[in-house]
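Step one of this worksheet: look at the structure below.
Every number in this text was worked out from the coordinates using simple rules, so none of it is lab data. For clarity, every value in this text was computed on a predicted model and none was experimentally measured. Virtual Cβ from ideal backbone geometry, glycine too; neighbours counted across all protein chains shown.
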Amino acid sequence: MAKKIALLQGNEACAHGALYAGCNFFGGYPITPSTEVAEVMSGELPKVGGKFIQMEDEIGAMASIIGASLAGSKALTATSGPGVSLKQELIGYACIAEVPCVIINVMRGGPSTGMPTGPGQSDVMQARWGTHGDHAAIALCPSSCQEIFSETVRAFNLAEKYRMPVQVLFDEIVGHMRERIVFPEPGELEVIDRTAPSVPPEQYKPFDTSFGDVPPLAAFGSDYRFHVTGLNKAEDGFPTTKAELVDAEERRQIRKVEGAEARADIELNEEYMTEDAEVVIFAYGSTARSARYAVNELREQGIKAGLFRPITLWPFPEKRVAELGEQVKAMVVAEMNLGQMVFEVERIVKNTCKLGLVTRVDGDPLTPTQIIDQVKEVL
Amino acid sequence: MAYDYEKSIRPGKLPHIWCPGCGHGIVMKGLIRAMDTCGLEKNNTAIVSGIGCASRMPGYLDFNTLHTAHGRAAAFATGVKMAKPEMTVICCGGDGDGAAIGGNHFIHACRRNIDMTYVLLNNYIYGMTGGQFSSSTPPGHLASTTPYGNPDPAFDLAKLAIGAGATFVARTTAFHATQIDKLIVEGIKHKGMAVIEILDDCPTTYGRRNKFRSVVDMMKRLKDIAVPVTAAAKMTPEQLEGKTLTGVLHKEDRPEYCENYAKIIARVQGA
Amino acid sequence: MAERYELRFSGAGGQGLITAGIILAEAASIIEGRHAVQSQSYGPEARGGASKSEVIIGEAPIDYPKATIVDACLAMTQEAADKYAVGIKKGGVLLVDSDFVKNPPQGDYKIYSLPIMRTAKVDVGREIVANVIALGAMIALTDVVKRESGEQAVLAKVPEAFKDLNKKAYSLGFDKMKEVLAG
Ligand SMILES: Cc1ncc(C[n+]2csc(CCOP(=O)(O)OP(=O)(O)O)c2C)c(N)n1
Ligand code: SF4
Ligand SMILES: [Mg+2]
């Protein structure tokens, strides 16, 4: 049978990706340019017996998905920068309580209401450092409609596998444009569900690390009964202030994402013509599309340019960026903000190569020409 | 024979954190008896709270328990209930938690008429943070942030719940211990959003600053201000001055949120 | 650089030009299996006033998703023409509604005109199909997709009861444009 093909907006593709991943709960609050995700979910979820709720605000939306996830659902919310800001306290909660859930951020300009219908990439640091406290973060950044579908599936997989909130960031351009989507057949993309406890209920501890850095998670309303809190907790889930326990838990929660093995599993990059590149453009999301155009153009002009596109923004692809820094004469970061990821790149490449930055925040996308000009200037 | 609370308490989790004379313990005992009377199955019950002294309650109770963030209990609970409507969901928490920072979630849970029982412990103060005034501190009273007397008017929490659409609203006090379980039982059995406001005391941060010399004084006040709705009907406005109505204040039947959503699913899937 | 063909449909909000863009993108990417990206104006613009929808079609995946230099532009109103008939390529084409765009912006491109709204009203009897007439005309003008692909995409988009009406509208737009081209 031929695969289902459709011309879909990025936001619609996101909703379909979530459904493919088995999402059965959506709690949201409308905000441009993300609203189509909620609109599609409100129509599709009841068809598969799932639940959609429009909450009273983004805080409530975030709370509802954590609650639903603890009751065993695969839960999603979608919003834009200001909404993520409202969710931040509870994103911290989901980090410490280790509750799988997926947060979509369709980025606009800003701060505040900014340019609701214009694109931006100014929430990439918010995705890393927006909430309080020490914590690891996973954030993915697709750049096409098909990739929004598959990265939304991957976001659910990572959330379930690592028991934590995962953010997917794309900007208004990809969120609203339409491209052909080939729907993967069931089973074609991997779908991961959280590890359920294997011990009998009376032995279950929700943060039992004898199973590794990611403890199995039971569901409310099953044979297992447990306590969840936002306080620092011991293995049994109950609050503790014992110094060594608090320290060990905090470190484990970072290690489960930033440990070498986890990094290798979570990180995903695309490289285009980097093998012999003398200059590499570091770009992500829709900006990477302009950058690819720029690479082709630069190559035609005899400049050995390449593109490094992190699809996983967090954890940051430290190893590969460091290697490229050693290889190239210059790296040019292109982003639709006034310079955010460039600080990460700078931290990693240090002085191994020259570093350029091209930015744009006026509501129009960065054009290939702007990137080309910056590459030439840096070289 | 004395009532056995142990069977509902998590082994090893006591002593609780509450101060001597705090009303929260009395309410917890009432909640335990009420859940027992209703025959709630532990695995099929979730108790959700926010942050505050009152919100520490779930940690002691041997059920599925969710101690969330300040003010968010009703919203977390909405997610749990929507995901598993077959579960009994109970919220508990303080006046600051439920009606100030969490007021928006609270009123919208009432409006939706989602099937949960919200036990609102109103001790007129932010106890946990040391006695700052809350949205239910009476005007003129002293709190750590109202050194010249509280300039703010106070919420009538039961009225707020009724106005927002809760379909069962009742009130009692920590002094009226046996009425606590009676009303919570009615709340649990009610299909829809049930709010039980329990006037409570915080000797440590509220009583101390205001003219209550002892816990007994505070309890006496709760006893004095409470007037059952039935009795109030025969009283003059002058007699009711400074009093608070107790008992079942409001009860109506209105479609419940999860049932409504289940109908949507059935309709969509049938089509 | 990869071959790309850029089209812009502009007019008043509510004239269905976004849909026209979507249908064209479907014709190219779903029916003909090529690559296409469709984007549109959002926000206040999309609610009345002038609105636009852009389609980029190519044989390889489209990288930069917005118009760089427009090969073909449609303007249904004067306001849309003034605002959006810009950045048209040297040797490109601009199609305007002859009744509503009295002063098409001049440039290094060819300007064509057709009474699109009037055709919808008089020949089909429904103003609502103006966008489909425009689509037929743009396809005839540019040959960016096959005539049949456009028609198939139109018919896939409309409810059974409106298929004949839309088929007629599409053909009218296509044929009238070809007549103009034949001079
Ligand atoms: C976001 C946030 N703001 C403020 C606090 C600090 N805080 C913790 S408990 C509390 C007040 C609790 O008062 P109430 O809900 O009435 O409960 P009580 O302690 O009186 O039982 C406050 C303000 C917090 N934990 N989180
Ligand atoms: S501070 Fe007040 S509310 Fe908190 S435990 Fe002590 S008496 Fe109870
Ligand atoms: Mg209080």
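Counts of other chain beta carbons within 10 angstrom of each beta carbon in peptide C:57-67 average 6. Restricting the count to DSSP beta bridges whose residues both fall in the stretch C:5-182, what percent are antiparallel, rounded to a multiple of 5? If I count the DSSP bridges inside the stretch C:5-182, around 50 percent turn out antiparallel. Residue by residue along A:41-54, Cβ atoms of other protein chains within 10 Å of the local Cβ number 4 on average. Placing one equal scatterer on every Cα of the protein assembly as shown and applying the Debye formula, the log10 ratio I(q)/I(0) at q = 0.10 Å⁻¹ is -1.05.
Listed by chain and number, the lysines placed with their C-alpha closer than 23 angstrom to that of C:K121 are C:K52, C:K102, C:K157, C:K163, C:K167, C:K168, C:K176, C:K178; residues fewer than eight positions away on the same chain are left out.
Against the compact-protein benchmark of 2.2 N^0.38 Å, the Cα-based radius of gyration of the stretch C:99-147 scales to 1.27.
Across the alpha-carbon atoms of the stretch A:5-182, the computed radius of gyration and Dmax are 14.2, 44 angstrom.
Hey, with R₀ at 25 Å, roughly what FRET efficiency would A:T241 and B:I9 work out to, going by the Cβ-Cβ distance, to 0.05?
Numbers: r = 21 Å, r/R0 = 0.86.
Once rounded, the FRET efficiency stands at 0.70.
Close Lys pairs in the stretch A:5-182 (alpha-carbon distance under 19 Å; sequence gap of 8 or more, or different chains): 4. For B:L245, the residues whose modelled amide H falls within less than 5 Å of its own, excluding neighbours fewer than 5 places apart on the same chain, are B:V227. Measuring r between the beta carbons of A:E188 and B:K251 and using R0 = 41 Å, the FRET efficiency lands at 0.15.
Once divided by 2.2 N^0.38 Å, the Cα radius of gyration of the stretch A:155-234 becomes 1.51. Cross-link partners of A:K319 among lysines, defined as those whose alpha carbon lies under 19 angstrom from its own and excluding same-chain residues fewer than eight positions apart: A:K256, A:K329, A:K350, A:K354. Partner lysines whose Cα lies under 25 Å from the Cα of B:K211, excluding those fewer than 8 positions away in the same chain, are identified as B:K220, B:K223, B:K243.
Quick one: helix A:81-97 against the long Cα principal axis of chain A, what's the angle to the nearest 10°, folded into 0 to 90? Once rounded, one gets 50 degrees. Overall, the anisotropy analysis places the stretch C:55-183 in the oblate class: the square-rooted eigenvalues a ≥ b ≥ c of its C-alpha gyration tensor yield a/c not less than 1.5, with a/b not exceeding b/c. For chain A, the share of DSSP beta bridges that are antiparallel, to the nearest 5, is 25%. The angle separating the long axis of helix A:145-162 from the principal Cα axis of greatest extent in chain A is about 40 degrees. Kirkwood hydrodynamic radius of chain B, from the reciprocal of the average inverse Cα-Cα distance over all distinct pairs: 18.8 Å.
Test of understanding: extend the Cα→C-beta vector of C:A12 to 7 Å, then name every residue of the stretch C:91-111 with backbone N under 11 Å from that spot. Under 11 Å, as judged by backbone N against the label point of C:A12, lie C:100 of the stretch C:91-111. Excluding the site residues themselves, the longest part of chain B lacking any GluC sites (Glu not before Pro) in a DSSP loop with at most 15 other Cβ atoms within 10 Å is B:87-240.
Determine the distance separating the Cα centre of the stretch C:96-150 from the Cα centre of the stretch A:263-338; give it in Å without decimals. Between the Cα centres of the stretch C:96-150 and the stretch A:263-338 lies a distance of 43 Å. Normalising by residue count, the stretch B:89-136 has a Cα convex hull of 63 Å³ per residue.
In peptide A:68-78, how many Cβ atoms from other protein chains are near each Cβ within 10 Å, on average?
4
Structure note, pairs B:K159/B:K191; B:K13/B:K81; C:K66/C:K90: Cα-Cα distances above 23 angstrom occur for B:K13/B:K81. Charge dipole (Cα centre; +1 on Lys/Arg Cβ, -1 on Asp/Glu Cβ; no other charges) of the protein assembly as shown amounts to roughly 1700 debye.
In chain B, the DSSP-assigned H stretches of four residues or longer account for a calculated mean residue ellipticity at 222 nm of -9500 deg cm²/dmol, using -39500 (n - 2.57) per stretch and the full residue count as denominator.
Extension gain for A:A196-A:E318 works out to 40.7 nm (0.36 nm per residue, less the C-alpha to C-alpha distance).
Note on A:R263 and A:L379: their simple-model spin labels are 3.1 nm apart, each label 7 Å out from Cα toward Cβ. Compactness of the stretch A:49-138, taken as the C-alpha radius of gyration over 2.2 N^0.38 Å, stands at 1.08.
Protection proxy ranking for C:27-36, B:11-20, B:137-146, C:143-152, using the average of other Cβ atoms within 10 Å per residue and placing the highest first: C:27-36, C:143-152, B:137-146, B:11-20.
Explain nothing, just the number: relative contact order of chain A, from Cα pairs under 8 Å at least 6 residues apart, as a whole percent. Please report the intermediate quantities before stating the final value.
On the way: 843 pairs, mean separation 60.3, N = 379.
This gives 16 percent for chain A.
So for the protein assembly as shown: antiparallel DSSP bridges make up what percent, rounded to the nearest 5? Approximately 30 percent, going by the DSSP bridge assignments.
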